[in-house]
Amino acid sequence: MSQRSSASATPAGAALRDDPRHPLYLGKWKRPTKPDLEEFIHDDFDEPHRKRQKAILAKHPEVRQLYGNEPLTAVIGTAAALVQLVAAYYVGCVWTGLHWSVVVAIAYFLGGTVSALYGVIIHEAGHNLVFKWPFLNRLTGLLVNMPMVVPISQSFRRYHLEHHQFQG
């Protein structure tokens with residue numbers, strides 16, 4: 001049997017998902033366990049995520065109703081990208097006589113606000129909170145990341161999930 005035919009005998013995509021270059025690669029860590037202290041630096045810092053969650057839920061139990069997926073997030077991300085593109089068109093092609101300080105102000109306030117929104121959406125997509133299907137969450141992260149200069153969506157997802165694995 002040739003190597004090609006033996007490779008196709010593996011479950012669909014299982015071998016590829018062990019490759020760090022594959023889009024569904026989740027890392028080599030084991031999710032339900034805490035790290036081996038010999039492999040990582042141990043610190044005595046308090047774990048903030050669970051403690052804060054319990055405090056918020058104790059004070060506001062209605063927050064629990066907000067848990068779950070929210071597909072509207074993808075629509076908001078798309079609208080933000082369109083706003084940024086329209087603003088770029090108007091600043092570059094229609095309002096050509098703008099003073100440089102106005103251009104800088106538009107870039108700072110509109111661009112900064114929309115970029116911060118992108119960061120929030122990439123975070124939510126990294127936690128699979130936009131859609132129920134992981135593939136659509138990855139696609140959302142990639143699409144929202146497109147207007148940004150630096151591609152961060154998938155690397156953020158990987159290391160942020162690792163952060164939650166070992167931090168809480």
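The values are calculated or read from the model by the stated rules, or taken from the named source; none is laboratory data. These numbers come from a predicted model, not from an experiment. Using ideal geometry, Cβ is built from the backbone for each residue, glycine included, and neighbour counts are taken over all protein chains shown. Quick note on the areas: whole protein, heavy atoms, side chains included, nothing else; ligands and nucleic acids left out. Shrake-Rupley method; radii C 1.70, N 1.55, O 1.52, S 1.80 Å.
Over the stretch 56-98, one equal point on each Cα, no solvent: what is log10 I(q)/I(0) by the Debye formula at q = 0.16, 0.19 Å⁻¹? Values returned for q = 0.16, 0.19 Å⁻¹ are -0.61, -0.69.
When the trypsin sites (Lys or Arg not before Pro) in the stretch 117-162 are filtered for DSSP coil states and for at most 16 other beta-carbon atoms within 10 Å of their beta-carbon, the remaining sites are Lys132. Of the solvent-accessible surface of the stretch 43-124, computed with a 1.4 Å probe over protein heavy atoms with every protein chain present, carbon and sulfur atoms account for 68 percent. Take the stretch 46-168 with all the other protein chains still there, run a 1.4 Å probe, and you get 68 Å² of accessible area per residue.
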